[in-house]
Structures are given as C-alpha cells and as structure tokens.
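A.B. asks: The structure follows.
The values are calculated or read from the model by the stated rules, or taken from the named source; none is laboratory data. Source: prediction; values computed, not measured. Cβ atoms come from the backbone with ideal geometry, glycine included; neighbour counts cover every protein chain shown. SASA here: full protein model, heavy atoms, side chains in, ligands and nucleic acids out. Shrake-Rupley method; radii C 1.70, N 1.55, O 1.52, S 1.80 Å.
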Amino acid sequence: MVCFADLNIININDKKRLQTIIETAAHLGYSTVAINHVLDFQQKEQGIANPISVAELFPSPPIVQGKSKPIKIMTRLTLIASDVSHYNQLRTAYPQNLPYDIIAVEPKTEKLFHVACMTLDIDLICIQGNSKLPFRITRPPVNGAIARGIYFELTYFPAINDFTLRRYTISNGICLMNVCKGKNVIVSSATEEFLGLRGPYDISNFGILFGLSEEDAKAAVSTNCRAVVLHGGE
C-alpha cells in the first residue's frame, strides 16, 4: 500500500493552527509529515532553534484516513543561505548529530547550489518558488546530488493563489526537470495554513505540470519522500 508524505509543514508560532494543519493532512491521507523550521540567513537576529516537541504538540497524533495508524510527525530544518559559511555555523552549533530528522538547504547562489549537491551533509535541496531562480541548474552538480542520495524539493503552496508565483514555481520546476529528468524529486506544500493543503493525488497531477511522468509524480509524494526520511536517518 502506498504511503504518502508531506515533508514541509512550516513551523508557525500557533500551536492550535499547527495541530489543525496536521489533522487535515491525516484526513487527506498523508501518513507522514515533517514540521519545517526555516532559518533564513538573509534575515538578521535569527538563532538556530531546537526542533518543536512532537510529544507536546500531539500526545496522541490523529489517525490517517483509510488506515489504522496515527500520522508520523517528523522535524526538519531548512537553511536559506547564500554562502557555505552559513551551513558551517550550523555545524559549529551542533558538532555531533543535529537534533532534526531532515536537513534541507535552499541555496541562493550557484556556488552554494554546487556545494550543496556535491559535499554538504544534507537530505534535501529546495528549489524556490517565490521568485525566478538566481542561477542556472546544470547537469554535473545535479548528477552528483543524485549519486549521493540527495533529493530536490518543489513546493506548491506559493502557486495556489498567486499567478506570478505560480509562473515562477512551474518555470523553476521545469528548469530542474530538464536536467534531472524526474529523478530524485519530491513535491511538498510548504503551507502555513490548513487550506493550503491538497490531497496527494491532486499533487501528483500538479507534478505533471513540471514535466514529471505520472509514475514520477506519484513517487514525488510517496516513495521518494520515504527515501528522504531514510537518508535523514543514516
């Protein structure tokens, strides 16, 4: 049986709203979600926080629709950065194991994109959807990331209600697909509200807009997400 996942539920400072988002995800049939703490090094005075306590958020997680098991809630840290020194700050703060289940980087420069693909100890590379990509996606670093078991993430929430962001999301996604040919891609929501979630089969159809085949689009919300989770546990 296919297990669906959304590995990008934005961590918001509103416990009730966050609970509602996760309850909605379970109702839509997602078996796994990841609460994403975003650390933007372009903004000043942002510290590296510890992950949210899943046990405090949900002592009894909701049951997944159509299954008898509760939804699995994971933690994730995403670095929005332009230089490898930003990643090094994280490793200085946590020289051993990071307290998050999944580590992602959203690179803002071609240099950091290349380093993230080839050397950084991460699980995901995020392809932004809120603006035009500031660099070209080329084959060598993408192939290097795929060989290392790293996945690329496209998000759909920015594209739901804004035509300009929808254009950026689809254009950036197609740029990635032209290089990776559908390999090692996941699609997540990056939502901050329950109305921003869509069902996994709807997202599979959305993935086709990026140039994903039907099989790859389904994998982008299921088996590929599982591979990311397993990579994070290595």
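A.B. asks: Out of all the residues in the stretch 6-20, is one or more among the basic types (Lys, Arg), touching a residue at least 60 places away in the same chain (Cβ under 8 Å), surrounded by fewer than 19 Cβ atoms within 10 Å (Cβ to Cβ) and over 23 Å from residue 154 (Cβ atoms)?
C.D. replies: yes
A.B. asks: Take the residues in the stretch 197-206 that are in contact (Cβ under 8 Å) with a residue 40 or more places away in the chain and in a helix (DSSP H, G or I), then tell me which one is farthest from residue 23 (Cα to Cα). Don't jump to the end; show me each part of the working.
C.D. replies: Here is the first cut: in the stretch 197-206, the ones in contact (Cβ under 8 Å) with a residue 40 or more places away in the chain are 197-200, 203, 206.
Then drop every residue that is not in a helix (DSSP H, G or I), which leaves 200, 203, 206.
On the way: 200: 15, 203: 18, 206: 22 Å.
It comes out as 206.
A.B. asks: If the Cβ limit is 9 Å and pairs must be 6+ apart or interchain, which residue in the stretch 128-141 that is closer than 12 Å to residue 173 by Cβ pairs with which residue that is assigned to a loop (DSSP other than H, G, I, E, B) and of a type in the set (A, V, I, L, M, F, W, C)?
C.D. replies: From residues that are closer than 12 Å to residue 173 by Cβ, the pairs are 129/190; 133/127; 137/127.
A.B. asks: Which condition number in (1) surrounded by fewer than 16 Cβ atoms within 10 Å (Cβ to Cβ); (2) touching an Asp or Glu at 6+ places or on another chain (Cβ under 8 Å) is the one that residue 171 fails?
C.D. replies: Answer for residue 171: the failing condition is (2).
A.B. asks: Can you tell me which residues in the stretch 189-228 are within 15 Å of residue 2 (Cβ to Cβ) and among the aliphatic types (A, V, I, L, M)?
C.D. replies: Residues satisfying the conditions are 203, 217, 219, 220, 221, 227.
A.B. asks: Give the residue, chosen from 182, 149, that is outside any helix (DSSP H, G or I) and touching a His at 6+ places or on another chain (Cβ under 6 Å).
C.D. replies: None of the others qualify; the one that does is 149.
A.B. asks: For the subset of the stretch 79-118 comprising residues that are assigned to a loop (DSSP other than H, G, I, E, B) and touching a Gly at 6+ places or on another chain (Cβ under 9 Å), which member is least open to solvent (accessible area, probe 1.4 Å)? If you could, list the steps in order and put the result at the bottom.
C.D. replies: Kept after step one, since they are assigned to a loop (DSSP other than H, G, I, E, B), are these residues of the stretch 79-118: 82-83, 94-101, 108-109.
Those left that are additionally touching a Gly at 6+ places or on another chain (Cβ under 9 Å): 100-101.
On the way: 100: 18, 101: 61 Å².
Per the stated criteria, the residue is 100.
A.B. asks: Now, a different point. Test residue 57 against the stated conditions and say whether it is open to solvent by 20 Å² or more (accessible area, probe 1.4 Å) and either of a type outside the set (Ser, Thr, Tyr) or farther than 24 Å from residue 127 by Cβ (or both).
C.D. replies: Working: open to solvent by 20 Å² or more (accessible area, probe 1.4 Å): no; either of a type outside the set (Ser, Thr, Tyr) or farther than 24 Å from residue 127 by Cβ (or both): yes.
Answer is no for this residue.
A.B. asks: Looking only at the stretch 126-180, count every residue that is at pLDDT below 90 and acidic (Asp, Glu) and tell me the total.
C.D. replies: The number of residues fulfilling the criteria is 1.
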